[in-house]
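Undergrad: Can you keep this structure in mind? I'll have questions shortly.
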Amino acid sequence: MTAARPPDAGRPSLRDRAYEVLRRRIIEVELQPGERLVERDLAAELEVSRIPLREALRLLAADGLVVLVPHRGALVAPFTPADVRDLFDVRESLESLAARLAAERADEEGLARLADGLEAARAATRAHDRAAIAAANAAFHADIVELAANALLSGVMRPLEARMHWLFRLTAQRDPDRQCAEHQCMYEAIAARDADRAARLAHEHVADGRVTSLALAERWSRPDIDPEAVAARRRRGRGDGGKRAGPEA
């Protein structure tokens with residue numbers, strides 16, 4: 001006799017649900033860089049207790065999306081231009097490696113998935129849907145890492161995924177048609193098993209976005225923010241630690 005399935009089996013935990021909601025809001029810039037996260041308000045809004053909420057905040061801190069200040073609270077990571085520069089330094093090396101390995105190891109199923117991702121990006125571009133463009137671009141890069149079939153590389157890249165998705169969303173005003181064209185070239189090199197060309201194109205693609213992204217970072221970042229000062233604020237509601245001029249401003 002099969003045991004009865006618990007009513008909540010398969011459902012996300014309260015921690016996971018809070019994590020996913022807050023992660024999406026940060027990536028979509030609904031919660032601005034530098035903005036204070038008030039536990040009392042978030043717990044009430046998400047209908048969870050503070051324990052799963054704090055666990056979710058710790059996960060977000062591990063993703064690099066939240067800064068935790070001991071005994072003070074939390075805020076959305078300020079994401080300074082230096083943070084963006086550091087992210088590009090790492091991406092230029094690791095994503096070119098991922099593309100090289102993907103060209104050497106990808107199977108037909110993986111290539112089909114990569115092609116589907118390209119089509120999703122084209123559809124989002126035609127619809128001028130910036131959020132969907134960012135999500136599709138992030139998924140394309142994540143798929144290449146998966147096709148590389150290197151557990152150590154995946155482990156190194158996984159903590160960067162959220163920051164990369166956030167970066168793609170915040171810089172969605174970059175030319176999406178050009179990004180689609182560059183992704184198409186990368187896909188063709190990987191599908192042709194041309195490892196050298198795939199690695200070179202991946203490096204050039206990442207490097208191409210560096211100057212534009214750093215210029216945009218200067219507009220919305222808060223390099224002068226003091227996390228302890230922001231976290232110490234006691235007033236309720238949305239903090240004023242982050243600029244209100246997001247990428248759509």
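Derivation of every value follows stated rules applied to the coordinates shown; laboratory data play no part. What you are looking at is a predicted structure, and each value in this text was computed from that prediction instead of being measured. FYI the Cβ positions are ideal-geometry reconstructions off the backbone, even for glycines, and counts take in every protein chain you see.
Undergrad: Run the simple label-point estimate for ARG178 and LEU214 please: 7 Å along Cα→C-beta, distance reported in nm.
TA: Going by the 7 Å Cα→Cβ label model, 1.6 nm.
Undergrad: Take the Cβ-Cβ distance between CYS185 and LEU152 as r, set R0 to 22 Å, and report the resulting FRET efficiency rounded to the nearest 0.05.
TA: Numbers: r = 27 Å, r/R0 = 1.23.
Once the sixth-power term is evaluated, E becomes 0.25.
Undergrad: Can I ask one more? Using alpha carbons only, how many angstrom separate the centre of the range 94-151 from the centre of the range 49-63?
TA: If we compute the Cα centre of each part, the gap is 29 Å.
Undergrad: When only C-alpha pairs under 8 Å and at least 6 residues apart count, what is the relative contact order of the range 31-130, in percent?
TA: Dividing the mean separation by the residue count of the range 31-130 yields 24 percent.
Undergrad: Please sort 132-144, 42-54, 113-125 by packing, taking for each peptide the average over its residues of neighbouring beta carbons within 10 angstrom, highest first.
TA: On the way: 132-144: 22.4, 42-54: 15.2, 113-125: 17.2.
Ranked from most to least packed, the peptides come out as 132-144, 113-125, 42-54.
Undergrad: Separate question: Starting from the Cα of GLU45, step 7 Å along the direction of its Cβ; do the same at ALA131; then give the gap between the two resulting points in nm.
TA: Modelled inter-label distance: 1.4 nm.
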